[in-house]
1. Based on the mean of other beta carbon atoms within 10 Å per residue, what is the order of 653-659, 60-66, 787-793, 686-692, most packed first?
2. Once the convex hull of the alpha carbons of segment 730-863 is built, what does its volume come to per residue, in cubic angstrom?
3. Long-range amide H contacts for ILE240: which residues qualify at under 5 Å (H placed 1.01 Å from N, peptide plane, sequence gap of 5 or more or a different chain)?
4. Run the accessible area of segment 300-358 with a 1.4 Å probe and give the carbon-and-sulfur part as a rounded percent.
5. With every protein chain left in place, what is the accessible area of LYS649 in Å² (1.4 Å probe, nearest 10)?
6. Quick one: which residues, 5 or more positions from ASP44 or on another chain, have an amide H under 5 Å from its amide H? H modelled 1.01 Å from N in the peptide plane, none for Pro or chain starts.
7. I'd like the projected area of segment 121-220, averaged over all directions, using the convex hull of its alpha carbons. Report it in nm² with one decimal.
8. Taking just the C-alpha trace of segment 193-299, give me its Rg and Dmax in Å.
Amino acid sequence: METEERDFKEEEGENSQLHLVDGGHRCAGRVEIRHQGSWATICDDTWGMNDAHVVCRQLGCGVAHQFTHAIYFGSGPDSIRLIGPGCTGEETHVWQCPTWSWEQQSCSRTPDAGVICSGFVRLAGGHGLCSGRVEVNPGGAWTPVSGAKFTVPTAQVICAELGCGEAVSVLGNVSRNASEQVWAEEFWCEGQESELWFCPRAPCLGGSCQHGGAVEVVCAENSQLRLMDGGHRCAGRVEILHQGSWGIICHYWWDKRDGHVVCKQLGCGEALEVTYNAHFGPGSGPIWLSGLSCTGEETHVWRCPSWGWGRAYCSHQRNAGVICSGFVHLAGGLGPCSGRVEVNPGSTWTPVSGVNFTMSTAQVICAELGCGKAASVLGDLPLREDAGQVWAEEFRCEGRESELWFCPRAPCPGGSCQHGGAVELVCSEFTAVRLRSPGPSQCAGQVEVSTAVGWRALCASHWSSANAQVVCRQLGCGVALPTPTGARSAGGGVGEIRTDRFHCSGAESFLWSCPVSGLGVPGCAPGNAVLVVCSGNQTQLLPQCDDSLSDPAGSTASEEQAANCSDSRQLRLVDGGSHCAGRVEILHQGSWGTICDDNWDLRDAHVVCRQLDCGVALNATASGHFGQGSGPIWLDELSCTGEESHMWKCPSRGWGQHDCRHKEDAGVICSEFLALRVVSEDQECAGWLEVFYNGTWGSVCRSPMEDVTLSMVWRFSNGTWGSVCRSPMEDVTLSMVCRQLGCGDSGTLNSDVPARESSRIQWVDGIQCRKTDASLWQCPSDPWNARSCHPREVAYVTCAGHRPKSCPDSVPCTDREKLRLRGGDSTCSGRVEVWHEGSWGTVCDDSWGLAEAEVVCWQLGCGPALDAPGEAAFGPGNGSIWLDEVQCRARESSLWACARAPWGQSDCKHEEDAGVRCSGTSSVPAPIPGVFSLPGILCIILGTLLFMVLIILGMQLHRGRAQLKASPNFEDSVEEALYQEIDYLLNLEEDPVDRSENLSDDSANMLPYYTGDSEESGDPESAPGQHIDATGNGYDDVEELPAPEIPFTSGMSDKSDSPQEESGARCLQGGISLDSPREASNTSMEEKGSPLVLGQEDAGYDDIELSPMECHF
């Protein structure tokens, strides 16, 4: 029965025809079959790729690229619709497929299946669609065509069919794999055929094709590429110039790899995003390419595999687009308008060398990025650790180019770029400054800056004389003069007055090189624009300000005189993270130097903060708090009253007069100092957003903060942290917040968190960051207000770099801080909890015992363990059960060193939480038995060395005594010396007063003090009554070395108590040490100047040694 049915199908098929309709060429379109004199379509209910492959093979159109449904190529005849064939993909004719039926069917969906085939011929292995080896595919595999008798007309037909213009060259006998089969026919095209399929063919004579090589054809390729309607060169709808017409690319199969090739070909870096459905508008002209399958490595988009030129079966509403990164960007800064200059020709971002990098090049980059003007350029910076080579060319921009890509370039001479550092650039939204007035003068008038929205005036309430000096210098107008009384602004300015607060030091060349703040700055009253009057180009008319400092009395030049002079001195704060905090430095005589912290206090710091327009001083730091400076130490022992206008008007020791070193550099923290943070118990880079202002942390409200803002957020200002309220914070604001926190380039607002307590400060609301803002501090907002929003409206942000805290409170931490006891009656008893992956969790009591409790108690410094209760004896915990099956040996240094199950893997409930009771007798963990600590080891080593030294000294002492006793004159010399000394002392005792008159001052100064074991205080008043240790029955082992003879006068007085002695001039003769086995008795004199008394001793004097007399002056 099956055989009869198959024979019937084949018999019916012999009288049938197959073609593709409305696809633009023979190998694409709606599938139609002519049967019994009528054309029929195929229902697409079960139509698939296997069916499409059979159709393409049957037509000699290669393989199927895509099958289509739902009248993709339009609706066919309504008379006959055939059921889907259900092919396996191996059949040669569609009517050979298993479920094929010639009976008319009723389709459940819109009918008319279609197919897009690869075509019969292609050029492969070359540089795109229009060059390479000639290969054909009748419906199975791609097979090379032999170069034998291959003609130029055949090449012309192939190039025309592929939409590649005319044939440029033909190269025959190209090497191929020996095992590779070639097409067994010769093509005899005349050149007018529309496709190679229609060219006459003939079998190769004698199989000659197999013995020849392949053939390569190169067609003319004059295509161009561009992006349209995207706002700049590197974004927009993809358009190709081909055969003299601009056309588009269909978005079928369009993805980021295709976009990468487009961006690379245009020198626009990498693809950030690809777009579909005519995102940049529908365009016009032909749809040149469709079905692109780029690998991302191709150099030209038309060299990617595709369905071929002109074989794009879609409308202009489906064109493709791409947004590229651009050729240049600024990386590592706080926003897109500041950072390290890097370029990307289409592969990776490469740093640009600072060698020969010019301000003109910087201006072109800032303009291209939409970031205004270049504010500063810093070269020779260290390269990133992951940076490979630097860009090997120098950019020689003139400043008028629209993009860096169009600037002239030249190779670095001698590879000098590789030896230089990177270059960092900061751009400013301000592009120009002017002084506008009704008169002709360009050096006096209302200060206005040019921005993206036009000229805007600046507010007088936020202005300083240092700012005015910079404006005059930038305009070539000399120096700033005092503004005349009663002068009024020009009026008629365009738009509102800008509230930006510039913080110039006075040394900057451009206004936009000065630090700028906008956060919390109040608005400006109408008509309160700032006026500046410059001296013109006659700066010599202004005398230099008096360089002398104020005298101690505080006398200074009058304010009028000070205002009419040119002062070259400047003030700044360094290394504090803000222009309103840091080490105080002064520019004097062309050199930056520091201030010594002698007498440094808040009054001095107040002057600094006022001079820098930073509010009031919160803290006057000393001892190099912000690091040690360099250069001169200009001022010391300042004595400001706090009312001076400039730091150098305070009384001091004078310029350069000091006795300090840089470790004593003074610093200051002003009230306008700002800082930012996020607050969370268990997360880093996620939490409540706070800002420090006026000495206090407070919340940030969430009102219209844009996404640009959230890449910057908690803030420190005026000495205080405060939150930032979270109104609709968009990507710009969030990105800025997170970037400023070092937490990635993006973030989100989280409203699903409980409200904070209402007692907290809510510092600021209405933050609206702009692309050109370099930090959150530059973003405009509502003025500072401790109640800027409701507590429910403060911002909770989660940045892209959020992660669990590695420590519960602070970083770094030790194992001891990651362990705690809860629920007990003391700090040394309770439920055991451990910190892991940003949260506290408990320990299961499986295998829990005294050994484990011992480790916990020692780790917490709570002494030995008393008990190891389980079963949640201290109440069940919550959160994760982090540890289970803990098995310690009681000798581990921490609980983490014990054997256990993997973190978080437990079969317990909190009713099984483990606990401990410790003795609580030790506040510091004692050494674990059997384990020596490093201090213990050091003590053992030092003790051993000391013991060895004592042994050696003892041996040497014993040897010396033996040698001395062996001397024949030993006993006589000792006895004589001892009796002479005792006799002298007894004579002195008899008449101390009468002899004093004959004692000279010098003799008094040389009066020896005889000391025994009791010279403890060294008080001169106690010196005359010294103590002598005596034994009861003799003097054994008395040591005294020979002393030089000292002449004494016949008389002595009690001038041993003289002032000379109190000043440190005294002569000491070694005291007699009378050692005896018997118990010693000490006698001391209570009256000043009383004679030295010797106790009654036995007559024997054995082993007496004399020590030398020591003189100290």
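The values are calculated or read from the model by the stated rules, or taken from the named source; none is laboratory data. Worth saying up front: this structure is predicted, and the values here are computed from it rather than measured. Note: ideal-geometry Cβ built from the backbone for every residue, glycine included; neighbour counts use all protein chains shown. Just the protein is used for accessible areas: all its heavy atoms, side chains included, with ligands, DNA and RNA removed. Shrake-Rupley method; radii C 1.70, N 1.55, O 1.52, S 1.80 Å.
1. Values: 653-659: 15.6, 60-66: 22.1, 787-793: 17.9, 686-692: 27.6.
Ranking the peptides 653-659, 60-66, 787-793, 686-692 by packing returns 686-692, 60-66, 787-793, 653-659.
2. Taking the convex hull of the Cα positions in segment 730-863, it is 163 Å³ per residue.
3. Correct list: GLY247, ILE248.
4. Ligands and nucleic acids excluded, carbon and sulfur reach 52 percent.
5. 40 Å²
6. When sequence neighbours closer than 5 places are left aside, the close amide H contacts are ASP112, ALA113.
7. Seen from a random direction, the Cα hull of segment 121-220 projects 5.8 nm² on average.
8. 19.0, 63
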